[in-house]
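**Student:** The structure's right below; bear with me while I get my questions together.
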Amino acid sequence: MIKERKKLIAGNWKMNGSLGSAASLAVALGEGLDHDPALLTRCDFAVFPPFVHLLVVSQQLPAGVALGAQDCAVTGDGAYTGDISVNMLVDAGCSYVILGHSERRQYHGETDGQIAAKATLCYEKKLTAIICVGETEVQRAEGRQEQVVGEQLARALPSTAKAANTVIAYEPVWAIGTGKTASPEDVKAMHSFIRQRLKEQLAEGGNMRILYGGSVKPDNAEILMSIENVDGALVGGASLKADQFLAIANGVK
Ligand code: PGA
């Protein structure tokens, strides 16, 4: 019997906004939660601004909304031009890091091995890793989605992953930013496959949160969040508007 997991609603702001708009978005989230404080009892929240906006967001973020980064370096501090270490993220107030987002895999050639190394660094600093997995449109058309996601889980998840330090985000690549969402049947099947694999791989795999991501919007949130083994959402576009982001959380019944 799987213990009831509180839903996590995570907002990936990607490479959008300015210092001013990031701060305003954090303030607007606070106002929205003041208006509807019951949301905080139903969901955990986290937002992932661009690195250079972390500090200004941390100064405005309401209680109950955690701060996270969209990536981290694969090594500790040192001569790595352009990288941001886990130490710096902790210093900036982060408690989460997204790892292996498909945009990092696609545009920066990130590998499952690098994701596992980054996750291990996160665990050492008590940061929770959100490890993203998901198949492309071609892989799904070929019926290989479970094989692809199974391999990503096997390679990107360290054996030290626990329910408290790791969240899985299933994001079919073809559903990200496209307005297409996977059907409830496909989401159910994939999340149950992931749950099975997590149980086989890890002692705490039965309790690890599995988020769905890919064009989650207020009008599809209630259905998606009601699916078995969907423990929250990783939201891109709709997380840039406080009212939409909170309306997604409102879909959690
Ligand atoms: P989207 O992005 O909600 O804009 O599809 C999701 C994500 O990439 O995390």
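**Student:** Give me the number: length gained by fully extending residue 87 to residue 144, i.e. 0.36 nm times residue separation minus the C-alpha to C-alpha distance, one decimal in nm.
**Tutor:** 16.7 nm
**Student:** Hey, another quick one. In the chain, what percent of the accessible surface is made up of carbon and sulfur (1.4 Å probe, ligands and nucleic acids excluded)?
**Tutor:** 52 percent
**Student:** Sticking with this structure for a sec: Which sequence of 108, 35 reflects their accessible areas, 1.4 Å probe, from the largest down?
**Tutor:** 35, 108
**Student:** Same structure, new question: Which of 175, 23, 203 moves the most in a Gaussian network model of the chain with Cα springs under 10 Å?
**Tutor:** Ranking 175, 23, 203 by mean-square fluctuation puts 203 first.
**Student:** Another question, if that's okay. Using only alpha carbon positions, build the gyration tensor of region 7-249, then give the equivalent ellipsoid semi-axes as the square roots of 5 times its eigenvalues, largest first, whole angstrom.
**Tutor:** Here the semi-axes work out to 25, 22, 16 Å.
**Student:** Could you give the nm distance between label points at residue 241 and residue 162, where each point is 7 Å from its Cα heading toward the beta carbon?
**Tutor:** According to this spin-label approximation, the distance is 4.1 nm.
**Student:** Expected output is a single nm value to one decimal: the length gained when fully extending between residue 186 and residue 21, i.e. 0.36 nm times separation in residues minus the C-alpha distance. What is it?
**Tutor:** 55.8 nm is the gain from fully extending residue 186 to residue 21.
**Student:** Between residue 38 and residue 106, what is the spin-label point distance in nm, taking each point 7 Å from the Cα along the Cα→C-beta axis?
**Tutor:** 3.9 nm
**Student:** Tell me, what ³J(HN,Hα) does each residue in region 228-237 have, in order and in whole Hz, if you take phi through Karplus 6.51 cos²θ - 1.76 cosθ + 1.60 with θ = phi - 60° and put x for Gly and Pro?
**Tutor:** Each residue of region 228-237 in turn: 4, 6, 9, 10, x, 9, 9, 10, x, x Hz.
**Student:** Separate question: Work out the length of the dipole vector of the chain about its Cα centre, built from +1 on the beta-carbon of each Lys and Arg and -1 on the beta-carbon of each Asp and Glu, and round it to the nearest 20 debye.
**Tutor:** That gives a dipole near 340 debye.
**Student:** Hey, another quick one. Would you calculate the separation in nanometres between label points at residue 223 and residue 196, each defined as 7 Å from the Cα along the Cα-to-beta-carbon direction?
**Tutor:** Rounded to a tenth, the inter-label distance reads 2.4 nm.
**Student:** For the pairs 118/253; 199/241; 162/241; 6/118; 126/180, flag any whose C-alpha to C-alpha distance is greater than 30 Å.
**Tutor:** Over 30 Å Cα-Cα: 118/253; 199/241; 162/241; 126/180.
**Student:** For the chain, what is the accessible area per residue in Å², given a 1.4 Å probe and the full set of protein chains?
**Tutor:** Dividing the accessible area of the chain by its residue count gives 45 Å².
The values are calculated or read from the model by the stated rules, or taken from the named source; none is laboratory data. These numbers come from a predicted model, not from an experiment. Using ideal geometry, Cβ is built from the backbone for each residue, glycine included, and neighbour counts are taken over all protein chains shown. Remember, those area values only see protein heavy atoms, side chains included, never the ligands or the DNA or RNA. Shrake-Rupley method; radii C 1.70, N 1.55, O 1.52, S 1.80 Å.
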